[in-house]
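Below is one structure, written out as structure tokens, with a few remarks after it.
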Amino acid sequence: MGGMGDFDSFIWVANSSQGTVSKIDTKTGVELGRYIARPDGAGSPSRTSVSRLGDVAVANRNGGVTKVIADTEECPEDANGMPGLQTSSGGGDILNWGQDDCVAWHTPLPYNDNRPIAWTSGTLNEQTCAFEDQEVWTAGSNKSLGTAEVVLLDGDDGTIIATIPIPDLPEAWPNWFGFYGGAVDSENNFWATQLQGGKLIRVNRSDLSYDLFDVPEGGGYGMTVTNEGYVWICGRSTHRFNPMDQSWLSAQLFDSNAYVHTGGCNGDGAGILYRGSYAQIHGIDTETLEVVRTLNVGQPGDDHIWGVAVDFEGFVWGVPRGGSRAYKVQPENDTIVLTVEGLVGAYTYSDMTGFALNTVIPG
């Protein structure tokens, strides 16, 4: 009843250099659709977030958010003005903007740096077994002090519900003034990080107020919230923030004096945080912060493993930065069980399966 169990699950990977996003079946590895992420095709999409229904919201670095419907049976057959359903069937079948019935909406946003994206859970209607009133958090800036804002969108039509200015956000990294990663917690509050330092922010859904927290050295980049309520920042270091007492702890992957290369991270809902580091994905115990698994994912020709996600069967996914592949890994025995080919400038390290949302806020 309600949500992802009703149909096959997908991983949504942004093809940044192509301006598209791919829908891939997590069980078979087959790409079932590829969609333009902004009307001009020049959005440079990066972060993707997946709703309780499997739909994706993709943030374009150059501004604007687009929603694509996952279940083709839910796509309106006359959205483009032509009878019948017209929608992409795979990576080689990209319809022109306005022609794909499964592209639900696009909301232009006045930012030239628009990266974090995160769905809220919505409310389960027990009569219809559907999630209603789902919303989308995002954030952007215009690459100067005082321009950072957090935006809340209506998940059904993309209209702007609220815009929250964050004028006191610092310059965390030279010429970086906005937010980099984002996720929601069990109360649908929005958490976001800056690039490699600065502040961690929580925007409270109840009243749209916000709180800023200092970040330890060596974070942030990718980020997530795990089912224990911890907020994780996965930059040059791996930091765990406990909102209950506002304390930080850090995991050490290598030599105590060595930084890790930046990357994404997501939890498995069972006590392990997986994060990308060079050609590997490390599994970190969420309580002891010890490395309990090392997955050797990167293959010859790959750049660093940037995107990390967990699917609904417990497999871990790794996406090399700017590459053409995605890997599905069996974490118990460190085996790549499936390789997806044909991506274009892939760059995604957010909750690209929706599993994180479903573990933080169970249905």
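The values are calculated or read from the model by the stated rules, or taken from the named source; none is laboratory data. Remember, it's a predicted structure, so these values are computed and weren't measured experimentally. Positions of Cβ are generated from backbone atoms using ideal geometry, with glycine treated the same way; all protein chains shown enter the neighbour counts.
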Open item on the list: Can you tell me how many residues within region 112-137 are of a type in the set (D, E, K, R) and in a strand (DSSP E or B)?
Closed with: 4
TODO: Go through the residues of region 333-349 one by one and say whether even a single one is modelled with pLDDT under 95 and among the β-branched types (Val, Ile, Thr).
DONE: yes
Task: residue 42, sole failed condition from (1) at pLDDT 95 or above; (2) part of a loop (DSSP other than H, G, I, E, B); (3) in contact with an Asp or Glu (Cβ under 9 Å, 6 or more places away or on another chain) - done: (3)
TODO: Among residues belonging to region 80-127 that are of a type in the set (Gly, Ala, Ser) and under 30 Å from residue 205 (Cβ atoms), point out the one that is surrounded by the most Cβ atoms within 10 Å (Cβ to Cβ).
DONE: 118
Open item on the list: Considering only residues that are over 20 Å from residue 196 (Cβ atoms) and crowded, with 16+ Cβ neighbours inside 10 Å, which ones fall in region 155-186?
Closed with: 155, 158, 164, 184, 185
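Filter region 307-363 down to the residues that are assigned to a strand (DSSP E or B) and under 12 Å from the mean Cα position of the chain (by Cα) and list them by number.
Narrowing region 307-363 to residues assigned to a strand (DSSP E or B): 307-310, 316-320, 323, 326-330, 335-340, 346.
Scanning region 307-363 gives 307, 308, 309, 310.
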Task: Residue count, region 128-147 (criterion: buried (at least 16 other Cβ atoms within 10 Å of the Cβ) and either hydrophobic (A, V, I, L, M, F, W, C) or within 19 Å of residue 74 (Cα to Cα) (or both)) - done: 7
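Could you run through region 229-279 and say how many residues are among the charged types (D, E, K, R) and either touching a helix residue (DSSP H, G or I) at 6+ places or on another chain (Cβ under 6 Å) or farther than 24 Å from residue 329 by Cα (or both)?
3
Taking residue 212, is it more than 21 Å from residue 358 (Cα to Cα), part of a strand (DSSP E or B), out of contact with any Pro (no Cβ under 8 Å at 6 or more places or on another chain) and aliphatic (A, V, I, L, M)?
Numbers: more than 21 Å from residue 358 (Cα to Cα): yes; part of a strand (DSSP E or B): yes; out of contact with any Pro (no Cβ under 8 Å at 6 or more places or on another chain): yes; aliphatic (A, V, I, L, M): yes.
For residue 212, the condition - more than 21 Å from residue 358 (Cα to Cα), part of a strand (DSSP E or B), out of contact with any Pro (no Cβ under 8 Å at 6 or more places or on another chain) and aliphatic (A, V, I, L, M) - is met.
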Open item on the list: Residue under question is residue 262, and the condition is that it be in a loop (DSSP other than H, G, I, E, B) and either buried (at least 24 other Cβ atoms within 10 Å of the Cβ) or under 19 Å from the mean Cα position of the chain (by Cα) (or both); does it hold?
Closed with: yes
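Among the residues of region 279-302, is any small (Gly, Ala, Ser), assigned to a loop (DSSP other than H, G, I, E, B) and in contact with a Ser or Thr (Cβ under 8 Å, 6 or more places away or on another chain)? Give the steps one after another, and end with the answer.
Applying the first criterion (small (Gly, Ala, Ser)) to region 279-302 yields 279, 283, 298, 301.
With assigned to a loop (DSSP other than H, G, I, E, B) added as a condition, the list becomes 279, 298, 301.
Pick out the ones that are also in contact with a Ser or Thr (Cβ under 8 Å, 6 or more places away or on another chain) and you get none.
Taking every residue of region 279-302 in turn, none turns out to be small (Gly, Ala, Ser), assigned to a loop (DSSP other than H, G, I, E, B) and in contact with a Ser or Thr (Cβ under 8 Å, 6 or more places away or on another chain).
Select, from 253, 249, the only residue that is in a strand (DSSP E or B) and not small (Gly, Ala, Ser).
249 is the lone residue from the list that is in a strand (DSSP E or B) and not small (Gly, Ala, Ser).
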- [ ] Report, ordered by the first and then the second residue, all pairs with beta carbons closer than 8 Å, sequence separation of six or more or different chains, a first member in region 133-162 that is farther than 14 Å from residue 119 by Cα, and a second member that is at pLDDT below 95 and among the small types (Gly, Ala, Ser).
- [x] 140/178; 141/178; 143/178; 147/178; 148/178
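Does residue 216 satisfy being modelled with pLDDT of 95 or more and more than 18 Å from the chain's Cα centre (by Cα)? Step through it out loud before you land on a result.
Details: modelled with pLDDT of 95 or more: no; more than 18 Å from the chain's Cα centre (by Cα): yes.
When the stated conditions are applied, residue 216 does not pass them.
What do you reckon, is residue 95 in contact (Cβ under 8 Å) with a residue 40 or more places away in the chain and under 21 Å from residue 161 (Cβ atoms)?
Numbers: in contact (Cβ under 8 Å) with a residue 40 or more places away in the chain: yes; under 21 Å from residue 161 (Cβ atoms): no.
When the stated conditions are applied, residue 95 does not pass them.
Within region 187-207, work out how many residues are assigned to a loop (DSSP other than H, G, I, E, B), farther than 14 Å from residue 351 by Cβ and touching a residue at least 60 places away in the same chain (Cβ under 8 Å). Show your work before the answer.
So in region 187-207, the residues assigned to a loop (DSSP other than H, G, I, E, B) come out as 187-189, 194-195, 197-198, 204-207.
Filter once more, keeping what is farther than 14 Å from residue 351 by Cβ: 187, 189, 194-195, 197-198, 204-207.
Filter once more, keeping what is touching a residue at least 60 places away in the same chain (Cβ under 8 Å): 205.
Residues that pass the stated criteria total 1.
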Open item on the list: Looking only at region 215-227, how many residues end up being part of a loop (DSSP other than H, G, I, E, B) and either buried (at least 16 other Cβ atoms within 10 Å of the Cβ) or touching a His at 6+ places or on another chain (Cβ under 7 Å) (or both)?
Closed with: 7
